Amino acid sequence: MNNSVRNTGRLLSAGLRALIVLTVICGVIYPLAVTGIAQVAFNDKANGSEIKSGGKVVGSSLIGQTYLTKDGKPDLKWFQPRPSNGLGENSVNTQYQLILSGATNLAGDNKDLIKQVKDAKAAVVKDNSTADFKVKPSDVPAEAVTSSGSGLDPHISPAYAELQAHRVAEKNHLDVQQVDKLVADHVDGRILGFMGEPRVNVLELNIALKDLAAKN
């Protein structure tokens, strides 16, 4: 009986020591080491790829944003991102909020999706046509009327950014050449020169646009 109690005590003691040691190693030392290495070697990425403007964090280079007026319509003085229909709207989520992400999961022949695309294309044509620049439906890139797989894509194609340049220039009282150069300066090439497609980060582009408009 005494041996049984002593054996049980030793097992409990060994288990408790193992729990304490593993808690310190896995719950304290390892997280601190990984965090320290990340802060030293990958500071920007470890902190969420923050983008700052005027000394304040205004977003992340990884997450798209909307640019809307107070009544919820697109604010046409800014470059607009691609749609985020995959997120939809419900009791816990609105477009480009981070509680949920995802695609529409609608088939290519789904009537709702077809209507969304047609409505989006019509809006792009209407919103971006100016007195001296008319947008044709065939000019509208695919990502201008479709959401990404996550619904949070922060990028648009250079073609879509260039299509918006005339409208942005008009709304901000800038020369189109100035806005075209702004777009060209913010085109990121293919990763390692061959992966993906050229792209433009909308938030970074709009921050540069704000600075340019303030100088004029």
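Below are the figures for this structure:
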| quantity | calculated |
| --- | --- |
| Backbone N under 11 Å from the VAL176 label point (7 Å along Cα→Cβ), restricted to segment 135-156 | 135 |
| Span per principal axis, largest first, for the Cα atoms of the chain (Å) | 97, 45, 40 |
| 222 nm mean residue ellipticity, helices alone, for the chain (DSSP H n ≥ 4; -39,500 (n - 2.57); rounded to 500) | -14000 deg cm²/dmol |
| The chain, relative contact order [Cα under 8 Å, separation at least 6], % | 19 |
| Lysines whose Cα lies under 26 Å from that of LYS118, excluding same-chain neighbours fewer than 8 positions away | LYS70, LYS73, LYS77, LYS126, LYS134, LYS136, LYS171 |
| Computed FRET value (nearest 0.05) for ALA142 with VAL24, which takes r as the C-beta separation and R₀ as 41 Å | 0.20 |
| By average C-beta atoms within 10 angstrom, highest first, the peptides 3-13, 183-193, 206-216 | 206-216, 183-193, 3-13 |
| Nitroxide proxy distance, nm - points 7 Å out along Cα→Cβ at ALA159 and ASP188 | 2.0 |
| Peptide ranges 168-176, 150-158 listed from the most packed, as the mean C-beta count within 10 angstrom indicates | 150-158, 168-176 |
| Amide H partners (placed H, <5 Å) of LEU68, local residues excluded | ASP75 |
| Ordering of 40-47, 62-69 by burial proxy (mean other Cβ atoms within 10 Å per residue, highest first) | 62-69, 40-47 |
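We did not get these values from a lab; they are worked out from the coordinates using the rules stated. Everything quoted here is computed from the prediction, not taken from an experiment. For neighbour counting, all protein chains shown are included, and Cβ atoms are generated from backbone atoms with ideal geometry for every residue, glycine included.
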